[in-house]
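Notes for the one structure printed next.
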Number of protein chains: 2
Amino acid sequence: MENKEAKQPVELRVDVGERSYPIWIGNGLLDRLGEASRQAGIPAGSPVLVITDEHVGRRFLHRAEQSLHAAGYRAASLTVPSGEQSKSLAVFEDCVRAALEAGCDRMSTIVALGGGVVGDLAGFVAASYMRGIRFIQVPTTILAHDSSVGGKVAVNHPLAKNIIGAFHQPEFVLYDTATLQSLPDRDVRSGLAEMVKHGLIWDAGFVDWCAANAGKLLAKDEETLAYGLAQGCAVKTAVVAQDERENGLRAILNLGHTIGHALEAVAGYGELLHGEAIAIGMVGSARLAEQMGAAADVAVRTEALMRQFGLPVSIPAGYSTEAILDAMMHDKKFKEGRTVFVLPTAIGKVEVRHDVPIEWVRNIIEELKGETT
Amino acid sequence: MENKEAKQPVELRVDVGERSYPIWIGNGLLDRLGEASRQAGIPAGSPVLVITDEHVGRRFLHRAEQSLHAAGYRAASLTVPSGEQSKSLAVFEDCVRAALEAGCDRMSTIVALGGGVVGDLAGFVAASYMRGIRFIQVPTTILAHDSSVGGKVAVNHPLAKNIIGAFHQPEFVLYDTATLQSLPDRDVRSGLAEMVKHGLIWDAGFVDWCAANAGKLLAKDEETLAYGLAQGCAVKTAVVAQDERENGLRAILNLGHTIGHALEAVAGYGELLHGEAIAIGMVGSARLAEQMGAAADVAVRTEALMRQFGLPVSIPAGYSTEAILDAMMHDKKFKEGRTVFVLPTAIGKVEVRHDVPIEWVRNIIEELKGETT
């Protein structure tokens, strides 16, 4: 985008062939959504549908719509309840109804204004409405720097998270760092867990930077956040560019997620924030890695990092080990009778392993349960 | 496949780049489903889920499962109610549950055993389960020679047919002509409407053949059916190969569908069979084409063909013109305020038009309502 502001937004590109797209990160970008849409070639002849949730919509929907209107778009909106329960087929059906009632056609665009839940839900609407229409990601959480990039969209089934979905790349991602200022501290910490994860799988220097800047990040210093988000997105885009459809490399993004997803499933979605669940998962993976002989001395460092960001490093009381193991078996990463683990081999490096004995997993879970933070 | 039978199955290929796949048509192929799966490289390490409906399942599920088991596959199944109402999100959710309970993972395969409803439903399950797994089409109706080829899969929203879907190509299509013997006559006629449509859009010689062989086709003569299905599929594959994602040419496959889909929506899905609805639509399109000056003398021939196959050529009593027009506006083919019509320019040739005046459409609908067959 042209530099209308004092500060030029950061621009990254996600290279997925002919569907490549930009990520813009900067202060005040929400008010430039319409301009960015024009620049990206979003057609103005067909309605645009903004999908948001109650918390985000109250604060930001009006500005998003105003910016779209000012750029000549007809924009309708749907506000869904906040929280993971909106990633249901029932709410998905509501979204399709809203698209139909707004008169959305094949040239229409869905805008996801919100965090990961809204992005995943609205993205799957865009992926499947009329067999696929355009969409735009406008993430408003730190956590969503992960989910808004890479094209994985999904809703939940009562029996399994993210089991119904698609690969559907957005036209662009527009990240207004000012929207992050209203985030509750717990969500900030949860989001930073994914940021640190991107360092742990790919870039030891970025891990050092995260550790050195933990205070500023936790205090939501906007420039520090913008840099960290850009680095996190850069890791994600580098991985996605090499493996858009998760045939291999992309699996490394799931560091901490084998245990993390299972914890979320057992907790009842939403009780444990996603970043909290994967923080515990990353600690577990690091310990498994040491046991497997894959790495030395990553567990202590991983745990210290999580503590530094105020993230949990043990499983809260009351979780059943068998329920956690059972949830793992229902995860997409469970393939041909084996659970897939991403294990660190050093800080900034991981490998995908299919040979972690289930007994060792059980022991690690027991160990993580036995501790108090 | 190897020739184990007296008659070699017909083999066609659908050329969609790296996802190209074969269509096999012949007598007794259902019992060779397992063998065909092996040959197509379907992995045997993960469960296969067969989705069928009550009518088809009662007759053929056992044979399909037996063939899969004999070839070393673990096969589970789900039988859904027969009829269009199974293309709902509720039944879709049941299918995902069945896949989870069967332990389906990313290497699993969904088999669609049935007509167009089962193919569309099971295909969308395969397209979205874990963001896309393999699937196989085993069509058991004549109508499904159209829907099983080309990768368009979808379910319905209460407000619009096929509005939620994907492009997802099968691994192969296996057409056992023996399964067509149990089809009710009305379904035979409905299916032949799509076969004739394939001639009308692409191949005047095939239209002549259909007319000359109407008696044998209606009597379900197996060799005649096999030839007609292969020709119909060949037209479909030629069109799909040129335009997999419906950006242009593929729209010609919708001859008769603008009016046809609207009639189905107004009728309540299932009251009017799909082939019956598009038969009326094809007559309407031919008359519109003559009025638009696009063609001369196609309307009489089209109507005569439909009558020859025992298909309706007028709108049944009790349908509201405004309701039909309104349904058109909710169709996917309605784009930027204009309805898309496929109009014949001669027998075997069509063009896509965006400029048909709505008043002319209204008049044609009134005219089609005023007649008695």
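Within the range B:120-132, restricting attention to residues that are in contact (Cβ under 8 Å) with a residue 24 or more places away in the chain and within 10 Å of chain A (Cβ to nearest Cβ), which residue is nearest to the chain's Cα centre (by Cα)?
By that ranking, first place goes to B:Phe124.
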Residues being more than 11 Å from B:Val235 (Cβ to Cβ), small (Gly, Ala, Ser) and touching a helix residue (DSSP H, G or I) at 6+ places or on another chain (Cβ under 7 Å) - total across the range B:194-215: 2
Any chance B:Arg32 is surrounded by fewer than 14 Cβ atoms within 10 Å (Cβ to Cβ) and either modelled with pLDDT of 95 or more or outside the structural domain of B:Lys87 (by the TED database) (or both): no
Subset of the range B:139-161 (residues that are open to solvent by 10 Å² or more (accessible area, probe 1.4 Å), under 30 Å from B:Ala219 (Cα atoms) and part of a loop (DSSP other than H, G, I, E, B)): B:Thr141, B:Leu143
Lone unmet requirement of (1) aliphatic (A, V, I, L, M); (2) open to solvent by less than 10 Å² (accessible area, probe 1.4 Å); (3) more than 14 Å from every other protein chain (Cβ to nearest Cβ); (4) more than 15 Å from the chain's Cα centre (by Cα) for A:Ala178: (2)
Scan of the range B:68-81 for residues that are out of contact with any Ser or Thr (no Cβ under 6 Å at 6 or more places or on another chain) and either crowded, with 21+ Cβ neighbours inside 10 Å or within 11 Å of B:Ile51 (Cβ to Cβ) (or both), ordered by number: B:Leu68, B:Tyr73, B:Ala75, B:Ala76, B:Ser77, B:Leu78
Scope the range B:274-303; condition of a type in the set (S, T, N, Q) and open to solvent by less than 20 Å² (accessible area, probe 1.4 Å); matching residues: B:Ser285, B:Thr302
Qualifying residue in the range A:305-327 (condition: of a type in the set (Lys, Arg) and crowded, with 17+ Cβ neighbours inside 10 Å): no
Hits in the range B:90-108 - residues which are at the interface with chain A (Cβ under 9 Å from one of its Cβ atoms) and either closer than 24 Å to A:Met328 by Cβ or in contact with a Pro (Cβ under 9 Å, 6 or more places away or on another chain) (or both): B:Glu93, B:Val96, B:Arg97, B:Ala99, B:Leu100, B:Glu101, B:Gly103, B:Asp105, B:Arg106, B:Met107
Pairs, first at pLDDT below 85 in the range A:264-275, second part of a helix (DSSP H, G or I) and among the acidic types (Asp, Glu), C-beta under 8 Å, six or more apart: A:Tyr269/A:Glu84; A:Gly270/A:Glu84
Flag for B:Arg131 being in a helix (DSSP H, G or I) and either surrounded by fewer than 24 Cβ atoms within 10 Å (Cβ to Cβ) or small (Gly, Ala, Ser) (or both): no
Residue list for the range B:282-315, filter: out of contact with any helix residue (DSSP H, G or I) (no Cβ under 9 Å at 6 or more places or on another chain) and farther than 11 Å from B:Leu343 by Cα: B:Arg307
Qualifying residue in the range A:225-245 (condition: part of a loop (DSSP other than H, G, I, E, B), among the aromatic types (Phe, Trp, Tyr) and more than 17 Å from A:Gly116 (Cβ to Cβ)): no
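Which residue out of B:Ile164, B:Ile136 is within 20 Å of B:Lys87 (Cβ to Cβ), touching a residue at least 40 places away in the same chain (Cβ under 8 Å), within 11 Å of chain A (Cβ to nearest Cβ) and surrounded by 24 or more Cβ atoms within 10 Å (Cβ to Cβ)?
B:Ile164
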Subset of the range B:227-251 that is of a type in the set (Lys, Arg) and open to solvent by 10 Å² or more (accessible area, probe 1.4 Å) - its residue that is nearest to B:Tyr319 (Cα to Cα): B:Lys236
Flag for A:Asn254 being surrounded by fewer than 18 Cβ atoms within 10 Å (Cβ to Cβ) and either within 18 Å of the chain's Cα centre (by Cα) or modelled with pLDDT of 95 or more (or both): no
Test: residue in the range B:150-158 that is more than 14 Å from chain A (Cβ to nearest Cβ), in contact with a strand residue (DSSP E or B) (Cβ under 9 Å, 6 or more places away or on another chain) and not basic (Lys, Arg): no
A:Val111 away from every other protein chain (no Cβ under 13 Å) and open to solvent by 20 Å² or more (accessible area, probe 1.4 Å): no
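Just checking, which of B:Val96, B:Val117 is open to solvent by 10 Å² or more (accessible area, probe 1.4 Å), in contact with a Ser or Thr (Cβ under 9 Å, 6 or more places away or on another chain) and not small (Gly, Ala, Ser)?
Sole residue among the options that is open to solvent by 10 Å² or more (accessible area, probe 1.4 Å), in contact with a Ser or Thr (Cβ under 9 Å, 6 or more places away or on another chain) and not small (Gly, Ala, Ser): B:Val117.
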Criterion (in contact with an Asp or Glu (Cβ under 6 Å, 6 or more places away or on another chain) and outside the structural domain of A:Ala166 (by the TED database)) met by exactly one of A:Ser314, A:Ser320: A:Ser314
Cβ pairs under 6 Å, 6+ apart, first in the range B:70-83 and closer than 15 Å to B:Val125 by Cβ, second part of a strand (DSSP E or B) and open to solvent by less than 60 Å² (accessible area, probe 1.4 Å): B:Ala76/B:Leu49; B:Ser77/B:Val50; B:Leu78/B:Ile51; B:Thr79/B:Thr52; B:Val80/B:Asp53
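Checking the structure you have, find out if any residue of the range B:209-226 is under 25 Å from B:Leu343 (Cβ atoms), aromatic (Phe, Trp, Tyr) and away from chain A (no Cβ under 14 Å).
If we filter the range B:209-226 for residues that are under 25 Å from B:Leu343 (Cβ atoms), which is where we start, we get B:209-211, B:214.
When the remaining residues are screened for being aromatic (Phe, Trp, Tyr), the result is B:209.
Imposing the further condition that a residue be away from chain A (no Cβ under 14 Å) reduces the set to B:209.
Yes; the residues of the range B:209-226 include at least one that is under 25 Å from B:Leu343 (Cβ atoms), aromatic (Phe, Trp, Tyr) and away from chain A (no Cβ under 14 Å).
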Residue that is surrounded by the most Cβ atoms within 10 Å (Cβ to Cβ), among those in the range A:344-367 that are more than 18 Å from A:Ala317 (Cα to Cα) and more than 28 Å from the chain's Cα centre (by Cα): A:Trp360
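The values are calculated or read from the model by the stated rules, or taken from the named source; none is laboratory data. This is a predicted model, so every value here is computed, not measured. Here the Cβ is made from the backbone with ideal geometry for all residues, glycine too, and neighbour counts use every protein chain on show. In case anyone asks, the SASA skips ligands and DNA or RNA and just uses the protein heavy atoms, side chains included. Shrake-Rupley method; radii C 1.70, N 1.55, O 1.52, S 1.80 Å.
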